[in-house]
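Novice: Provided herewith is a single structure, encoded as structure tokens, for subsequent inquiry.
Every number in this text was worked out from the coordinates using simple rules, so none of it is lab data. Just so we're clear, the structure is a prediction, and the values are computed from it rather than from any experiment. Cβ coordinates were reconstructed from backbone atoms using ideal geometry, including for glycine residues, and neighbour counts include every protein chain displayed.
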Amino acid sequence: MIEIQPRNHIDASVTVPGSKSYTNRALIAAALAQGESIIRNPLHSDDTRYTAEALNQLGIAVSVQPDGAFRVQGQDGRIPTRAARLFVGNAGTAMRFLTAMLTLGDGTYVIDGVDRMRERPIQDLLDGLVQLGADVRSVNGTGCPPVEVRAGGLRGGSVSIPGDKSSQFFSAILLAAPYARTDVEIRVDGPLVSRPYVDMTISLMRGFGALIEDSGLRGDRADTQQPSSPPVFPSSHLPIPASSCPGATMTVRAGRHYVGRDCTVECDASSASYFLAAAAVTGGRVRVTGLSRESAQGDVHFADALARMGCEVHDGRTPDGVPFIEVRGGKLHGIEIDMADMSDVSMTLAAVAVFAEGPTRIINVANMRLKETDRIAALAAELRRIGQDVTELPDGIIIQPRPVRPAVIHTYDDHRMAMSFAVIGLRVAGIVIENPSCVSKTFPDFFARLAAP
């Protein structure tokens, strides 16, 4: 356990680790690419370690360089190992991305994880892959891992996937699609949750040389533009409501394979949210460097939510040209907010809402129930533990602030529970985080950085 020490009016400039989402996507694309790739400023955490270890187990060499960069020896769509049992803990991106990637091989593979992973649905992805000619199944018939892949290549064609559970199902198929025998057309059935993550995948794929056409993700238009030279991650696409995405289609052209490259992963917007929230709850100032409000990461718009609650938000570049986002705390007031495009920072916002005047209502985040834990139920339980008046909704939560009382916070082995409630402890004494080591999933030195001056 660790007790969080309150701090008044934090005034700090911080950096946060590289984006987990970009790192795992880049590892998959680099593994499939022709030639060598260098992935700079990657996140080193449990989730990315599971992906790198799985790739090595499949015969695709991934090594860590002295400066922390990943060096990946791409196999141009080939998977050297013909049989493997892979373990990915509770890393959802690793489970989903590897499942789709393995359909390109020639052999039999099983992917498994911890008990909670065996409760996380993956059937929509499996059904989508079957529509494209793959032989994949849930081993226990539950629609959840472990998953068996009897690989013989991916035929291609058209596929329709429900968009209301996880954008990772779409990203998984997209990442593998350049190596299908024919073009792959993916259609969104219903609204698409966490849409910016699909934008992120498309941006990364184009950076590696794939040819993708999309219509409906950023409005009713087709976007076929390819970069004149591979960009540094990410490109910028401002979010639009998830409700605008039903019927969106993405077409990946077969034969346009990835080419190895040297790329840099930007800082993780989800990790940045805790430090921006620290400024909000303490009435201080925090600048996160290495992150721009024009990022394709949907969670970067957490700063906009803080502005709506009464904080001052500034962005710009340092004299050296490094982007930054800065938050200065102000008098906080509750808001109603649709967080469908940034559900991973809903808990961070809930931590800020505890200190606001009036209620905060967070909606359209039903997919939080399918994460590392049922995050809506867990969030409601722990907010009540510290004395808050909480109404749990099927797709969100209403928080009516009350005086915070000291408590030991149960984390449910969920890194975001631990980090979000740590923010509350910066304002109020007596907040103790149970099992703080769970943050190793995405931010191993979080508590050391939080305690730094």
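Novice: Can you pull out the chymotrypsin sites (Phe, Trp or Tyr not before Pro) in region 320-422 whose DSSP state is coil and whose Cβ has at most 11 other Cβ atoms within 10 Å? Provide the component values of the computation, followed by the final result.
Specialist: Working: sites: 324, 355, 412, 421; in loops: 355, 412.
Passing both the DSSP loop test and the Cβ count: no residue.
Novice: Turning to a different aspect of this structure: Between residue 320 and residue 254, take the C-beta separation as r, use R0 = 51 Å, and let me know the FRET efficiency to the nearest 0.05.
Specialist: Efficiency for this residue pair is about 0.75.
Novice: Based on the Cβ-Cβ distance from residue 123 to residue 56, what FRET efficiency comes out when R0 is 35 Å, to the nearest 0.05? If you can, show how the numbers build up before the last one.
Specialist: Numbers: r = 28 Å, r/R0 = 0.81.
It comes out at approximately 0.80.
Novice: Ok, one more. Quick one: if you stick a label point 7 Å off each Cα along the C-beta vector at residue 85 and residue 181, how many nm between them?
Specialist: With each label placed 7 Å out from Cα toward Cβ, I get 3.1 nm.
Novice: For the ranges 309-319, 15-25, what's the packing order if you count other beta-carbon atoms within 10 Å of each residue, average per peptide, and put the highest first?
Specialist: On the way: 309-319: 15.3, 15-25: 25.9.
Taking the mean over residues of other Cβ atoms within 10 Å, the ranking is 15-25, 309-319.
Novice: For region 303-453, what class follows from the C-alpha gyration tensor (a ≥ b ≥ c being the square roots of its eigenvalues): rounded when a/c is under 1.5, otherwise prolate if a/b is larger than b/c, else oblate?
Specialist: On the way: a/c = 1.40, a/b = 1.19, b/c = 1.18.
It is rounded, given that a/c, with a ≥ b ≥ c, falls under 1.5.
Novice: Take the Cβ-Cβ distance between residue 11 and residue 357 as r, set R0 to 35 Å, and report the resulting FRET efficiency rounded to the nearest 0.05.
Specialist: Here the calculated transfer efficiency is 0.90.
Novice: Hey, rough spin-label estimate for residue 408 and residue 213, points 7 angstrom out along Cα→Cβ, what's it come to in nanometres?
Specialist: Those two pseudo-labels are separated by 6.0 nm.
Novice: Give the relative contact order (percent, whole number) for region 380-419; include only Cα pairs under 8 Å separated by 6+ residues. If you can, show how the numbers build up before the last one.
Specialist: Numbers: 40 pairs, mean separation 13.1, N = 40.
In percent, rounded to a whole number, it is 33.
Novice: Please work out how many pairs of lysine residues in the chain are eight or more positions apart (or on different chains) and have Cα atoms closer than 22 angstrom.
Specialist: Count of close lysine pairs: 6.
Novice: Also, I was wondering about something else. Can you tell me the length gained on complete extension of the stretch residue 63 to residue 389, counting 0.36 nm per residue apart and subtracting the Cα distance?
Specialist: On the way: separation 326, 0.36 × 326 = 117.36 nm, distance 4.89 nm.
Between residue 63 and residue 389, full extension yields an extra 112.5 nm.
Novice: I've got another one for you. Cβ under 13 Å from residue 135's Cβ, residue 135 left aside: what net charge do those residues give with Lys, Arg +1 and Asp, Glu -1? Let's see the in-between values first.
Specialist: Numbers: positive: 137, 150, 155; negative: 106, 127, 148.
That sum, taken over residues with Cβ under 13 Å, equals 0.
Novice: With just the Cα atoms defining each centre, how far is region 23-73 from region 152-187? Give it in Å.
Specialist: 22
Novice: Which residues in region 399-421 place their backbone N less than 20 Å from a point set 7 Å from the Cα of residue 440 along the Cα-to-Cβ direction?
Specialist: Zone members listed by number: 410-420.
Novice: Now for a separate question. Can you give me the Cα centroid spacing of region 277-350 and region 358-397 in angstrom?
Specialist: Spelled out, the Cα-based centre of one part sits 21 Å from the other.
Novice: Follow-up question, since we're still on this one. Could you work out [θ]222 nm for the chain from helices alone, using -39500 (n - 2.57) per DSSP H run of at least four and dividing by all its residues? Round to the nearest 500 deg cm²/dmol.
Specialist: Working: 12 runs with 125 residues, N = 453.
So the helix-based figure for the chain works out to -8000 deg cm²/dmol.
Novice: To check my understanding: the extent here is largest minus smallest coordinate of the Cα atoms along each principal axis. What are those three numbers for the chain, in Å, largest first?
Specialist: The principal-axis extents, from largest down, are 60, 52, 45 Å.
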